[in-house]
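Take a look at the structure set out below.
The values are calculated or read from the model by the stated rules, or taken from the named source; none is laboratory data. It should be emphasised that the depicted structure is a prediction, and the values quoted were computed from it without experimental measurement. As a convention, Cβ positions derive from the backbone with ideal geometry for all residues, glycine included, and neighbour counts pool all protein chains shown.
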Amino acid sequence: MEKSNIRDTFDEKNNLIKEYDNRKLLIRNKNSTLWNCVLVAKRDLAEVSEVNEQEAKEYFAIIKEVESALKKAFDYDKINYLTLMMVDEHVHTHILPRYKEEKTFAWMNRTDEWRPWPNTPVKDSPSQDVLDQVKQEILKNI
């Protein structure tokens with residue numbers, strides 16, 4: 001299998017929400033839950049064990065900030081995290097807000113089947129216009 005470029009996979013150019021010292025927060029261009037994000041290490045890291053102390057400390061500060069922003073923006077019911085590196089061999093974490101009820105944002109209705117991952121299918125990709133609106137909604141709450 002050919003190694004993918006994580007920055008292309010998640011369309012960093014169009015989907016960057018915020019850049020931190022050691023990571024970049026992006027809106028996920030293929031949403032499996034309403035407005036899930038991905039937190040990507042800036043350094044080329046293939047293993048979580050390669051993360052240094054400074055990067056680890058920043059990671060948890062970012063998680064707190066993102067949880068708060070997603071709660072304010074979309075009022076999730078719970079949140080899940082995945083750090084798999086199965087396809088993209090680059091340290092990154094999927095941030096998946098979960099919802100018990102249907103949610104509407106930017107004229108899109110979404111339901112979350114509330115099934116455990118990985119059974120939740122990836123939904124159709126929202127338009128870039130909708131993703132841009134989501135980015136702005138998250139950013140104004142960070």
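Please verify whether residue 112 is touching a Phe, Trp or Tyr at 6+ places or on another chain (Cβ under 8 Å) and at pLDDT below 80, treating the condition exactly as stated. Reasoning before the result, please.
On the way: touching a Phe, Trp or Tyr at 6+ places or on another chain (Cβ under 8 Å): yes; at pLDDT below 80: yes.
Here the answer is yes, as residue 112 does meet what is asked.
With 66, 91 as the choices, which residue is at pLDDT below 90, aliphatic (A, V, I, L, M) and surrounded by 17 or more Cβ atoms within 10 Å (Cβ to Cβ)? First the steps, then the outcome.
Details: 66 fails: at pLDDT below 90.
From the options 66, 91, the qualifying one is 91.
Is it fair to say residue 70 is touching a residue at least 12 places away in the same chain (Cβ under 8 Å), under 18 Å from residue 99 (Cβ atoms) and within 14 Å of the chain's Cα centre (by Cα)?
So residue 70 fits the description; yes.
Tell me which residues, restricted to region 11-36, are surrounded by fewer than 20 Cβ atoms within 10 Å (Cβ to Cβ) and part of a strand (DSSP E or B).
Those that are surrounded by fewer than 20 Cβ atoms within 10 Å (Cβ to Cβ) and part of a strand (DSSP E or B): 16, 18, 19.
Could you tell me whether any residue of region 57-66 is touching a helix residue (DSSP H, G or I) at 6+ places or on another chain (Cβ under 9 Å), within 18 Å of residue 99 (Cβ to Cβ), of a type outside the set (Asp, Glu) and touching a residue at least 40 places away in the same chain (Cβ under 8 Å)?
There is at least one residue in region 57-66 that is touching a helix residue (DSSP H, G or I) at 6+ places or on another chain (Cβ under 9 Å), within 18 Å of residue 99 (Cβ to Cβ), of a type outside the set (Asp, Glu) and touching a residue at least 40 places away in the same chain (Cβ under 8 Å).
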